[in-house]
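Below is one structure, written out as structure tokens; the observations come after it.
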Amino acid sequence: MEILKACNLMKTYGEDNNIVYALKDLSLTINKGEFVAIVGSSGSGKSTLLHILGGVDKPTSGNVYLNEKDIYTLNDDDLSKLRRKEIGLIYQFYNLIPTLNVRENIKLPLLLDKKEVDENYFNELINLLNLSNRLTHLPNELSGGEQQRVGIARAFINHPSIILADEPTGNLDKANSLEIVKLLNEANKKYNQTIIMVTHDLNLAKYASRIITISDGQIIDDKVYNEKSE
Amino acid sequence: MKSLNSLAIHNLKNNSKKTIPTIISIILTSTLLISIGLAVSTWQKARIEDATHFNGDYHVMFLGLTSTQKDTLEKDPNINKIDLMQEVESIYTEDLTINIYTSLMDYQNYIDLATGKFPTNEKEIIISSNLAKRKNYKLNDYINTYKIVGIYNKNKIISNVDYASETAFISGTNNNSYYAFIHYKNLHNIYDKIYDTADKLGLDYEVNKVGRNYENTYINSSLLNAYGKYENKINELQMYSLISLILYILALFCALAIYNSFTISLQERKKQISILSSIGASKKQIFKMLMLEVFLLTLISLPIALLLSLGIVQSIIILINNSLHNLVNYKLSINIVFLLISILFIFLTVFISSMVPALEISGSSLINSIKNVKIKTKKLKENYPFIRKCFGSEGEVAYKNIKRNRRKFITSITALTISLILFITLSSVINYFINATNSMKLANDIRINLPDKNQVVDNEEVLNEIRAITEEEELVISKQAHFFNENKQIVQLVSLDPFNYNKYKRQIKVSNDEAIIYNVGNFLNENDEEITKEVIDSSKTKSLSICFIDYTTNELYPCYINLNNLYFTTQNYLDVFNGLTYVVSIDTFNQVVDNYLSGYANNQNFKNNYSIIINSNRFRELDKEINDIINKYSHVDIYYENNALINYNNNHTLLIIKLILYIVIFLIAFTSILNIFNVLNTSMELRSSEFSILRSIGMSEKGLKKMIKLESLMLMGNTLIYGIPLSLGIVYLIKYILNIDVTNKIIFKFPTIYVIISIIGIILIILLIMTYSINKLKKKNIIETIREDGI
Ligand SMILES: Nc1ncnc2c1ncn2[C@@H]1O[C@H](COP(=O)(O)OP(=O)(O)O)[C@@H](O)[C@H]1O
Ligand SMILES: [Mg+2]
């Protein structure tokens, strides 16, 4: 089942002589339950693509359909609603709210949505992410790996249609990186959660079920692996 | 280190745009501080010159000293200079006494010469211009055996206390007692030194309210006060604590402005600084580099500030001088000590206020540890239903944010509160001065007195001249004499000229030939406020009585006037009367003077003394015309006072002073607004990436607005809750200090207008900033804002 579809995405920065084409007529379809890794060299347009798919940046032209809704035709209220209900974003620099503790950071999207927390799911998540004894800590009292796990929990809490992660391990050491990707992989299987992850580490990309390679704003390779190697 | 220093200079050159806010705030605050220094030194110099002009430049004068006492003085180690003077003799003429003094001292310091020269021996004399006028003396005339060699305007040695005596000076010495004018070596503990000298001279003293009152001693306190030396320690304490309080508030004000602008300029260069540290510059090095930058900025700003303040103070001085015509003549005084203190003060303020942001950005471990501790793992309730109801879930986020991040919040509140306090305090104090100038009102008329002391000219002749120039004006000619009633209250017996007398009678509806009693007096109530009330009980007083007091026996000599038709009124006639006044016809007046007062005083004098009051809008033209008459009858002793002209000049000056004060209030308000704006803007700017994260996880614009609204409300509320009581406290404190040991107590008025203005101001500014920063966030791409901070 098709969950996300991008058609003819163009993204340019600057004007006239200085114009940079970050995305060049890029199209792509993601099915439910896929764990997609986007790889490519630095500056190839991975982040730009991810942000456009996640509704936080606007394409210069082209459309993005999430569950058959063209997200860039929505007004701010509806787009915000979509962001908090349908999309979970994970950043390289965690981007937690420094004044909220772990529990509050994770529950923030629910709070914004005025939804009650499903305590079972919450407990399940924090057990999975091994955060149960960190719940009352503030972000600056956590290690990088822990902070990223909080970021992941926050992205998952609303049962979004899709999780977008931009180099979630870019700031972590090898062991922590592996752990994070394994967690994403586990969640993908357990909840049939659709995940798109940008990385430039091919070792980590191996955990994905599909690897899309981007170069110069265009897809140059797109492979689906049915059986993932451990 | 060297290379980092050159980097600092390089930075300044290339980032000149980014340092502009810092330079501007340093220039503005320096201008403010230097201007204050210049104004204070100018004012102090004017006070000193004034005191010297009117009283002389000596510190204390002793009179009636024997030559032994004189020798004691010469041995006093504290004394720098002694000017000695002696009495010579008194020459009695029919209507006045000329007291002659002699000295070897340099008269130049004590006497303002009008014409001629100072006496050089005991046969040459210098007299006052007043005496020359009254007796028609000219240079080279003789008074007894003394040859007049000079005429002076004013002497600072012997103040003329009474009309019947004049002072003149010769040169030389004799065997009489001494007057000694003392200059001490320095003014340190000057009053103790004076007491010490007086004790050595064996003088007696009484303790009074301010200190000791020695016999035969005259302390030149207006000069000493001008130097900031008060006999009363409380006065001195009062002055210095007021000065320090104002300096303290000013310093805070300036520090805040510099802190803000420096923080903003550093915020923009965060990236550059973190790159520097990533390539190995130590925190200390970065800190030193930033401080060097500030130092250079201050160096650049100072000359500009100096020129600006010179311009400002000079123009204010010109403004005041012009408006005061010839009353005062301020001159710009550049006191090096004051200037150095101001500059030192500026450097201190700049350094302290830029140190905090510099430490913060250079990532000093000290500041970091403070920072980390301050975001508290405070146990908060999971839910705040009330806040959620009012402000939604976004409000709850904002509330938690404020609760946990108290440091930032408190910083903002402190900055806002200080601005608020500054505004309310300074404007209330300035407002007090404006009110004080308002209450300085004088009667608005021209008064001329024609005394009759064996005059050569008939007063009628002078009166006719005055009548001629005032044909169109309101002119009241009255005769006045002062007596007492049975209760020893002063009574004015007045006869108005027939025209005005009849007009007055018509005005208060009196038809018969009654005595009109203007029954109004000014008294102090229990709060020392002046009130107006009736002087005598009109229901009990049945006949008009006036008395004389024989001052030697203190006995009353009553003399009753045969008038039983008394008419009591509180209605003044053209503001002619002051206090209890018996208004009678001219016949009655003459009758009283002729029949009852013969034998007492020179009754002829009472009879022919005229008091003239003119009400006119032509006060300036009349001034010239009246002066012409006075000059024409220069041998007649005409007293003339043109209150209308004085009032006009005063009002003019007051207007300009008011204008300046209002400009100052405006500047303070403006700087306060700028400060508040900067504080809020910086705190919003610092949090823009946090806002963007919230947006990216699905907070709508509306939600963000709600969140910022709640934070703003909390800021506003807290600022007002702390700021207003604190400001009122400081205002009370200032009034208290000003009121210590002062007879004319300042009555505290609640600064309602300024409180209201500041409440409205704070609300408006916060609303403005809110919309401003929300709009700014709107324009920005979410992801770009997040990136800017993440690098
Ligand atoms: N704000 C921007 N302004 C100008 N150019 C940009 C901006 N953001 C990204 N780019 C350019 O777009 C291209 C793609 O960037 P990005 O998507 O961040 O690459 P990646 O994430 O693959 O490293 C790069 O060439 C980058 O220089
Ligand atoms: Mg990237």
Determine whether residue B:259 is farther than 21 Å from residue B:46 by Cβ, assigned by TED's automatic domain parsing to the domain that holds residue B:343 and of a type in the set (Phe, Trp, Tyr). yes
For the structure I just gave you, tell me whether residue A:78 is over 18 Å from residue A:28 (Cα atoms) and either surrounded by fewer than 16 Cβ atoms within 10 Å (Cβ to Cβ) or away from chain B (no Cβ under 12 Å) (or both). yes
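Out of the residues in the stretch A:1-11 that are within 16 Å of ligand 1 (Cβ to nearest atom) and more than 14 Å from chain B (Cβ to nearest Cβ), state the one that is nearest to the chain's Cα centre (by Cα). Give the derivation first.
First pass over the stretch A:1-11, keeping only residues within 16 Å of ligand 1 (Cβ to nearest atom): A:6, A:9-11.
Imposing the further condition that a residue be more than 14 Å from chain B (Cβ to nearest Cβ) reduces the set to A:6, A:9-10.
Numbers: A:6: 15, A:9: 18, A:10: 20 Å.
Ranking the qualifying residues of the stretch A:1-11, first place goes to A:6.
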Please indicate, with yes or no, whether at least one residue in the stretch A:158-175 is within 14 Å of chain B (Cβ to nearest Cβ), of a type in the set (A, V, I, L, M, F, W, C), farther than 19 Å from residue A:51 by Cα and outside any strand (DSSP E or B). no
Please pick out the residue among B:695, B:687 that is within 11 Å of chain A (Cβ to nearest Cβ), over 42 Å from the mean Cα position of the chain (by Cα), of a type in the set (D, E, K, R) and closer than 21 Å to residue A:160 by Cβ. B:695
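Only one residue in A:39, A:64, A:20 is within 16 Å of ligand 2 (Cβ to nearest atom), under 28 Å from residue B:688 (Cβ atoms) and more than 14 Å from every other protein chain (Cβ to nearest Cβ), so which one is that? Write out each step before concluding.
Numbers: A:39 fails: under 28 Å from residue B:688 (Cβ atoms); A:64 fails: within 16 Å of ligand 2 (Cβ to nearest atom).
The conditions single out A:20.
Identify, from the list A:88, A:62, A:151, the residue that is touching a Pro at 6+ places or on another chain (Cβ under 7 Å) and either away from ligand 1 (no atom under 16 Å from the Cβ) or assigned to a strand (DSSP E or B) (or both). Don't jump to the end; show me each part of the working.
Working: A:62 fails: touching a Pro at 6+ places or on another chain (Cβ under 7 Å); A:151 fails: touching a Pro at 6+ places or on another chain (Cβ under 7 Å).
Exactly one of A:88, A:62, A:151 is touching a Pro at 6+ places or on another chain (Cβ under 7 Å) and either away from ligand 1 (no atom under 16 Å from the Cβ) or assigned to a strand (DSSP E or B) (or both), namely A:88.
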Taking the condition surrounded by 15 or more Cβ atoms within 10 Å (Cβ to Cβ) and either within 14 Å of chain B (Cβ to nearest Cβ) or away from ligand 2 (no atom under 16 Å from the Cβ) (or both), does residue A:224 pass? no
Answer from B:230, B:259, B:240 - the residue that is of a type in the set (Phe, Trp, Tyr), surrounded by fewer than 18 Cβ atoms within 10 Å (Cβ to Cβ) and either at pLDDT 75 or above or within 18 Å of residue B:293 (Cβ to Cβ) (or both): B:240
Mind counting the residues in the stretch A:99-125 that are modelled with pLDDT of 85 or more, surrounded by fewer than 20 Cβ atoms within 10 Å (Cβ to Cβ) and more than 10 Å from chain B (Cβ to nearest Cβ)? 7
Does residue A:196 meet the test of being outside any helix (DSSP H, G or I), among the hydrophobic types (A, V, I, L, M, F, W, C), buried (at least 20 other Cβ atoms within 10 Å of the Cβ) and more than 12 Å from chain B (Cβ to nearest Cβ)? yes
Suppose the filter is assigned to a loop (DSSP other than H, G, I, E, B), assigned by TED's automatic domain parsing to the domain that holds residue B:709 and either surrounded by fewer than 20 Cβ atoms within 10 Å (Cβ to Cβ) or modelled with pLDDT of 80 or more (or both); does residue B:377 pass it? yes
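The values are calculated or read from the model by the stated rules, or taken from the named source; none is laboratory data. Treat the numbers as computed from the prediction; the structure is a model and nothing was measured. In this analysis, Cβ positions are derived from the backbone assuming ideal geometry, glycine residues included, and neighbour counts consider all displayed protein chains.
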